[in-house]
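Remarks on the structure that follows.
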Amino acid sequence: MSTTVQPVPRQRAEGLPETMRAAVFRGHESIRLEEVPVPAIGPTDAIVKVTLTTICGTDVHIWREEYPVAPGRIIGHEPVGVIAALGDAVTGYAVGDRVLVGAITPCGSCFYCQNHVEAQCSGHDDEWEMIGGWRLGNSIDGVQAEYFRVPYAQANLAKIPDDLTDEQCLLLADIASTGISAAETANVQIGQTVAVFAQGPIGLCATAGAHLKGAALVIGVDAIENRLTLARRMGANELVDFTQEDPVAAIKRLTGGRGVDVAIEALGKQETFQWCLEATRPGGTVSSLGVYGGKLEIPVEPYIYGIGDKKIVTTLCPGGKERMRKLMELVRHGRIDLGELVTHSYGLDQIEEAYELFGNQRDGVVKVAIRP
Ligand SMILES: [Zn+2]
Ligand SMILES: [Zn+2]
């Protein structure tokens, strides 16, 4: 079946400069700072001037060419900024409003959005062919730049309350939304047990999510000391270093031999996925967030009777302004504090250096702040 998609007319926004600096993907381990045109605006768009952004593990997959993105694409999908221009059809906002935009920018009106799987949005303009609703820095230009275009701006501009700083909101666009969603999708119940495999930025937020949902026991699994320390601050009450002991045996020991109610996979490796299956009690849930490279196999041998009645659920980062508003409320009321996860800070002109450090996980980096 083919769909005819009409291109949306866009023009240069008045009062904005003609060019800007942006991080452009140019091939294997090459993301370069270049002078490029400021994005044009259409009736349902906004142009946001970026004040703060960051680099995601997914951007590193792009940098390494493990995830395909067209050369020439501006990368990045975690923006905080100020509205610089508004399309004619966008109402209730003003130039100068501080906004947070989610990594996923749903249209709000397609089949998937109307069925409440906004992350899988198929859109209804010229960017419909993509993986879910992830557009920024993927199917359209991203946010590691001085300006970016917000598609479906009415559904995606989340105003930042005056009492929150840019820094407090930065990690909500993707990693907090994604991480916390693992506990939501698994429907963690009060008093349950949850293990979170890998305490990278997303895993740390999944740990926070399990804690927020009322788990009695949250077990953080990793091998890097500062990540395990952060895991405890984010809500883990037991830590397992998988280089020191078999993580499945450790989880069984901590749960009276039964296994956890929910195991969260936040790394994207066959081994951690398998550990999750093995560490989950019969009838429990494996909640998968990881971006798996290549094939993922589900071994049935240990769970031959109906695979132990276990459920496997998956989530892609929930986006949209209402999701962002709720996450900002969690920060405002002191339920989550992600400040400690930002370990390094760079100017946009140092972004190539930032990719080197973050991509190679040097110097105990968790997340980097990038300031255009
Ligand atoms: Zn991301
Ligand atoms: Zn949609």
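The values are calculated or read from the model by the stated rules, or taken from the named source; none is laboratory data. Note that the coordinates shown come from a computational prediction; the quantities given were computed from them, not determined experimentally. Don't worry about glycine lacking a Cβ; one is built from the backbone with ideal geometry, like all the others, and counts go over all protein chains shown. Ligands, DNA and RNA are stripped out before the accessible areas are found, and what is left, the full protein with its side chains, is counted by its heavy atoms. Shrake-Rupley method; radii C 1.70, N 1.55, O 1.52, S 1.80 Å.
Observations, loosely collected:
- Every condition in (1) surrounded by 15 or more Cβ atoms within 10 Å (Cβ to Cβ); (2) farther than 24 Å from ALA23 by Cβ; (3) away from ligand 2 (no atom under 15 Å from the Cβ) holds for ALA94 except the one numbered (1).
- Qualifying residue in segment 149-169 (condition: of a type in the set (S, T, N, Q), within 16 Å of ligand 1 (Cβ to nearest atom), crowded, with 24+ Cβ neighbours inside 10 Å and in a helix (DSSP H, G or I)): yes
- Residue that is nearest to GLY320 (Cα to Cα) [pool: residues in segment 170-200 that are assigned to a loop (DSSP other than H, G, I, E, B) and within 16 Å of ligand 1 (Cβ to nearest atom)]: ALA173
- Every listed requirement among (1) farther than 20 Å from LYS367 by Cβ; (2) within 24 Å of the chain's Cα centre (by Cα); (3) open to solvent by 70 Å² or more (accessible area, probe 1.4 Å); (4) in contact (Cβ under 8 Å) with a residue 24 or more places away in the chain is met by PRO282 save one, (2).
- Residue-level analysis places PRO43 outside the set of residues that are at pLDDT 95 or above, farther than 21 Å from ALA158 by Cβ and more than 25 Å from the chain's Cα centre (by Cα).
- Residue selected from segment 346-372 under the condition among the aliphatic types (A, V, I, L, M) and part of a helix (DSSP H, G or I), by the criterion surrounded by the fewest Cβ atoms within 10 Å (Cβ to Cβ): LEU357
- Pairs where the first residue, in segment 65-94, is closer than 20 Å to ARG32 by Cβ and the second is within 16 Å of ligand 2 (Cβ to nearest atom) and not in a loop (DSSP other than H, G, I, E, B), C-beta under 6 Å, 6+ apart: HIS77/LEU136
- Scope segment 37-86; condition open to solvent by 20 Å² or more (accessible area, probe 1.4 Å) and aromatic (Phe, Trp, Tyr); matching residues: TYR67
- Segment 257-314, residues that are acidic (Asp, Glu) and in contact with a Phe, Trp or Tyr (Cβ under 7 Å, 6 or more places away or on another chain): GLU265
- One residue from PRO37, PRO79, PRO7 being modelled with pLDDT under 95 and not small (Gly, Ala, Ser): PRO7
- The set of residues in segment 60-76 being of a type in the set (D, E, K, R) and at pLDDT below 95 consists of ARG64, GLU65, GLU66.
- Residue among ASP309, ASP261, ASP241, ASP246 that is acidic (Asp, Glu), open to solvent by less than 60 Å² (accessible area, probe 1.4 Å) and over 18 Å from GLY200 (Cβ atoms): ASP261
- Tally, over segment 10-58, of residues that are farther than 17 Å from ARG149 by Cβ and either assigned to a loop (DSSP other than H, G, I, E, B) or within 16 Å of ligand 2 (Cβ to nearest atom) (or both): 4
One line per residue, one yes/no per condition, for (1) in contact (Cβ under 8 Å) with a residue 40 or more places away in the chain; (2) aliphatic (A, V, I, L, M):
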position: ASP241; (1), (2): no, no
position: GLU245; (1), (2): no, no
position: VAL248; (1), (2): no, yes
position: LYS252; (1), (2): no, no
position: GLU278; (1), (2): no, no
position: GLY293; (1), (2): yes, no
position: GLU301; (1), (2): no, no
position: ILE307; (1), (2): no, yes
position: LEU327; (1), (2): yes, yes
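- Members of segment 141-180 found to be touching a Pro at 6+ places or on another chain (Cβ under 9 Å) and either at pLDDT below 95 or of a type in the set (Ser, Thr, Tyr) (or both), listed by number: TYR147, TYR152, SER177, THR178
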